[in-house]
Every structure is written in structure tokens, then in C-alpha cells.
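What follows is a set of notes on a single structure, which appears directly below.
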Amino acid sequence: MNSRVDPEVLIVGAGPAGLTAATYLGRYLRHVLVADGGETRADWIPLSHNMPGFPAGISGPHIVSRLREQSEEYGAVIEAGCVETLRAVEGGFVASLNGRDLQVRAVLLASGVVDHHPDLPGVERAVQRALVRICPICDGYEAQDKAVAVIGKDDMGVREAAFLRTYSDRVTLIHVGPPGDLTERDALTRLGIALVETPIDNVELEGDRVTALCWGGEKAAFDLVYSALGTSPNASLAERLSARTGEDGRLIVDSHQLTSVPGLYAAGDVVRGLNQIAVANAEAAVAATAIHNALRRTDGQTA
């Protein structure tokens, strides 16, 4: 696609969902602009063994790089920058990007979420080294028979610790929130999950395997640490359009990934559901196809 052609569809976000949708729409011969707001959540993945088709594993940056190359092969234009405003107008939307207004016929939000990392020194590097992990569904398999700590501030920590008991009988929940926010204590006892209720004073990353956490003068070593502190969705553009959201702030969509705002679609982690790349890819394929068919209907191109 020639970058001077006005885009029909704006995709907000250049992670797996956004880039997959761009490939589909490009193959539908649609003019697509992808607003790349910077580092995606997938870039944090050191090596995923949970990505279908890659039995030896693949890194997050490699996944994103390949998806980006594929989308550009089919004409998507990817532009660095964040969409500042989005408003509905007759026939579509007007978006503000890098100091100019763009009028498009449809918008796909693939803007993802922001993880709430534990307040630990060097936590970002620890995530990249797979010592601190944020997704037990992605890599709980790698926690088999290891000493695992889960850092939580409420009952979400209990649920993630319980999930990890599938893989190890050495699971400890480190509760850093108010005592009253932990209401499922009986489940910890029943499942044999140790409980520590105290803020963490320090963390030591020893080599490439062991993480040592310190609290109140005590010290314990763990092979892996999981953060169960939740996420915040990047859904402000949709919220300003009064799009419907769930209790967690993520967008509610129909079976075609359409939000409650006509012409505004969403896919990936910003949507309620399972935060997985495979899921994001599938949602993106559904959304892109729905967008293409909706535009065909508007243009009188359907049977």
C-alpha cells in the first residue's frame, strides 16, 4: 500500500493483535494504518514455549518482528506514535496522531494492558530474564517441581498460587496488601500453600535461576517468582466514546469483536478474556474479517 493513500482502517497498537489484524486487512486489500505506541507486552517474553507452531520456543521480540514484517508485506503502514484523541463522526472516526487528524471508516483497538509489576529493584530485568514472571498460563509448565513464590495484594494472589499448585507442591504466597484484602485463607491451607504476610524489603537475583526475597530480616530463596498484582487496560480512547467495559476496565465486545460503539472494534488483552498471544491472534482475525465485511455492506458489495 502506498503510504500516501488515506487509510480506511486505523489500528491502535502494534502488538500481536494489531499486527495480525493488519495482515488480514491488507490481504482484504484494505488501506491500513497501524499506530505503534512503543514497546508491547510481548516484548517482555524471553522465550515462549506456549506459542503454537514453535516447539523449540520463540522470543517475544521475534514474534513481534515476524508479525510486523508480514503485515508490511501486505501493505500495512506502521507509524510510531500514540493516538491522542478519537471521536466518532458520520461515516467513521477522526483520530489525532502525531499532530494531524486522520479520518477513517473503522478503528480496531489493540492497545493491550499495562502490568502492575512488584516494587522490587531490577524487576524489569528480572522479567526479561524469566526470574519474575507475569503469566502462569504461559509458563506454569516451566515451574514444575520448583520453589515458587507468588506476590499478591488480594485474592487474585490466592487464585494464581492455587493454579501453580498443578505444577509444584512448593508454592508460597507473599501477600503485600492489607490483611483484610485476603479473604480466601482457607483455600491456602487446604492446598498446602505457605503464606507470608509482609512487605518485601529487598530482592537478590542470584545468577540466572534463583531469586531471593527478604522481609523483616528473614530471607527465603525461590526458583521463580510470579506477580499477581494485576493489570490496567489501555482503554481510555474507547472510554471517552462511552464504550462498554467490564468491572476490570477491559472492553466488552460481541462475537465479531465489535464494542458497543458502532465501527469500533477491539482485540487482544484490552478485551475481556484470556491474555494469550494465540487468543489475541484469533480475535484479530475475527475483527479484521468483520471490519472488511461491514465496509463491504456499506459499499453495497455484498450479495
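Data for the structure
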quantity: Filter pass, L86 being modelled with pLDDT of 90 or more, surrounded by 19 or more Cβ atoms within 10 Å (Cβ to Cβ), in contact with a Lys or Arg (Cβ under 8 Å, 6 or more places away or on another chain) and assigned by TED's automatic domain parsing to the domain that holds V253; calculated: yes
quantity: Residue match in the stretch 139-147 (condition: outside the structural domain of D169 (by TED's automatic domain parsing), aromatic (F, W, Y) and in contact (Cβ under 8 Å) with a residue 24 or more places away in the chain); calculated: no
quantity: Single residue of the stretch 186-197 satisfying the filter (β-branched (V, I, T) and surrounded by 13 or more Cβ atoms within 10 Å (Cβ to Cβ)) that is farthest from A212 (Cα to Cα); calculated: I193
quantity: Count of the stretch 198-208 residues which are surrounded by 14 or more Cβ atoms within 10 Å (Cβ to Cβ) and either over 17 Å from V123 (Cβ atoms) or modelled with pLDDT of 80 or more (or both); calculated: 1
quantity: Filter result for L29 (crowded, with 23+ Cβ neighbours inside 10 Å and of a type outside the set (V, I, T)); calculated: no
quantity: Matching strands (runs of 3 or more DSSP E) fully within the stretch 29-126 where at least 3 residues are touching a residue at least 40 places away in the same chain (Cβ under 8 Å) and farther than 30 Å from H175 by Cα; calculated: 32-36, 77-80, 83-89, 92-97, 100-104, 106-109
quantity: Of all residues making up the stretch 159-197, the number that are among the aromatic types (F, W, Y) and modelled with pLDDT under 95; calculated: 0
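The values are calculated or read from the model by the stated rules, or taken from the named source; none is laboratory data. On a predicted model such as this, the values are computed, not experimentally measured, just so you know. Glycine also receives a Cβ, built like all others from the backbone with ideal geometry; neighbour counts cover every protein chain displayed.
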